[in-house]
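Asker: There's a structure below that I have some questions on.
The values are calculated or read from the model by the stated rules, or taken from the named source; none is laboratory data. The model shown is predicted, which means the values in this text are computed figures rather than measured ones. As a convention, Cβ positions derive from the backbone with ideal geometry for all residues, glycine included, and neighbour counts pool all protein chains shown.
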Amino acid sequence: MKKVLIVYNKIFPYRVPIFNLLAKEFDLTVTYSLGNSYNGRMDFNLMKLPVKKYNRFVVHKGSLYKLAQNFDVVIGYGDISWLSIMKLMFKSNRKYKVILWGIGLRASYKTRYGDRTIWDHVRYYLMGKSDAILFYSKEPIPLYLEQGFTKKKLFVADNTVKVLQSKITPDKSSIVFIGTLYRQKKIYNLLESYHAVKQKVDNVPILNIIGDGDEYTNIMNWINRHQYQNCIKLKGKIFDEEVLCEYFEKAIACISPGQAGLSVLKSMGYGVPFITKENAITGGEIFNIEHNISGVLYKEDEELENIIKDICYNKSKYIEMGLNAKIYYEKYRRPEHMVLGMKKAIEFVLQN
């Protein structure tokens with residue numbers, strides 16, 4: 001088997017099933033530097049590589065090049081601020097091929113997906129030194145083609161997560177929000193919209209908020225102030241997938257006004273439509289949503305109140321959207337689909 005090294009930032013639990021599948025195809029080693037929050041089964045080799053941080057820049061303490069020489073292919077975390085990874089591409093006598101893997105564009109809580117930044121020229125230059133680029137979605141490809149990249153070295157491993165087997169029934173009675181509780185996610189827009197609907201509608205579904213973060217205490221205070229302890233449940237962090245599955249099986253919709261990340265895929269995988277703003281923070285996952293078919297994309301904050309009201313009166317409409325979302329996930333976004341994209345990129349660089 002060919003030896004593949006993935007140089008990553010953290011070991012996230014949602015990435016492990018992807019790596020386990022890839023390990024069936026290659027002799028896989030994954031390195032991390034900033035933390036490991038997973039303690040389950042791993043079918044790949046795992047290494048911790050210490051790093052030093054200089055403002056936004058990250059440098060590995062040891063010789064990453066020396067380690068890379070033991071592998072046929074290195075898949076590097078595609079953040080250009082990880083300088084040791086970028087340096088791997090400039091070694092003239094390197095035996096390994098380099099694939100850069102990531103969003104391909106700047107996206108953060110301060111920068112919208114695809115916004116132009118002063119780093120764009122640097123990013124394109126460094127990406128051009130790789131043997132192939134592996135994107136989370138197909139959306140960046142036209143921009144890279146405009147910059148003169150050849151299409152054959154651009155690959156897509158559509159970002160996704162593994163979900164458990166679940167059933168979709170009409171017996172749904174809640175709305176769910178899942179994710180870290182940051183103000184940028186517009187969680188208060190969700191709360192205020194929910195509050196507005198409560199003043200007009202008798203039977204509003206319970207809102208389950210799953211996650212922790214900077215705004216946890218403030219949200220708890222908001223719930224107490226409005227005496228909504230019986231209808232808004234702040235659940236904190238939940239990592240147990242079986243417990244998450246239970247919440248999604250009961251959910252009519254998943255609402256996240258300000259961010260559309262991997263929770264989009266988790267929601268779709270469980271047959272729950274995802275509702276978010278058109279300009280939500282995203283790494284490309286938002287492009288999986290087909291408006292009013294598998295989810296809802298709205299333009300103005302004020303629209304969310306009417307959407308929640310519509311959920312109250314037209315539950316079957318959202319259950320149908322959830323069925324469409326589930327079909328889409330099963331057909332195009334299972335972990336096997338993501339691994340197939342990675343495998344194609346690896347096989348390409350091995351042959352060229």
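Asker: Between L304, L265, L244, which is assigned to a helix (DSSP H, G or I), in the same structural domain as N189 (by TED's automatic domain parsing) and under 19 Å from V197 (Cα atoms)?
Answerer: L304
Asker: Out of region 10-48, which residues are surrounded by fewer than 17 Cβ atoms within 10 Å (Cβ to Cβ) and within 23 Å of K95 (Cβ to Cβ)?
Answerer: E25, D27, N45, L46, M47
Asker: Would you call I85 crowded, with 16+ Cβ neighbours inside 10 Å, over 15 Å from Y32 (Cα atoms) and within 23 Å of the chain's Cα centre (by Cα)?
Answerer: When the stated conditions are applied, I85 does not pass them.
Asker: Still on this model: Which residues, counting only those in region 313-348, are surrounded by 14 or more Cβ atoms within 10 Å (Cβ to Cβ) and not in a helix (DSSP H, G or I)?
Answerer: R333, R334
Asker: If I filter region 147-162 down to residues being in a loop (DSSP other than H, G, I, E, B) and out of contact with any Pro (no Cβ under 9 Å at 6 or more places or on another chain), which single residue comes out as farthest from A132 (Cα to Cα)?
Answerer: Per the criteria, the residue is N159.
Asker: Considering only region 158-195, state which residues are in contact (Cβ under 8 Å) with a residue 40 or more places away in the chain and β-branched (V, I, T).
Answerer: Correct list: T160, V161, V163, I168, T169, I175, V176, I178, I187.
Asker: Condition check: touching a Lys or Arg at 6+ places or on another chain (Cβ under 8 Å) and in a strand (DSSP E or B). Does N208 satisfy that? Spell out how you get there, then give the answer.
Answerer: Values: touching a Lys or Arg at 6+ places or on another chain (Cβ under 8 Å): yes; in a strand (DSSP E or B): yes.
Spelling it out, N208 is indeed touching a Lys or Arg at 6+ places or on another chain (Cβ under 8 Å) and in a strand (DSSP E or B).
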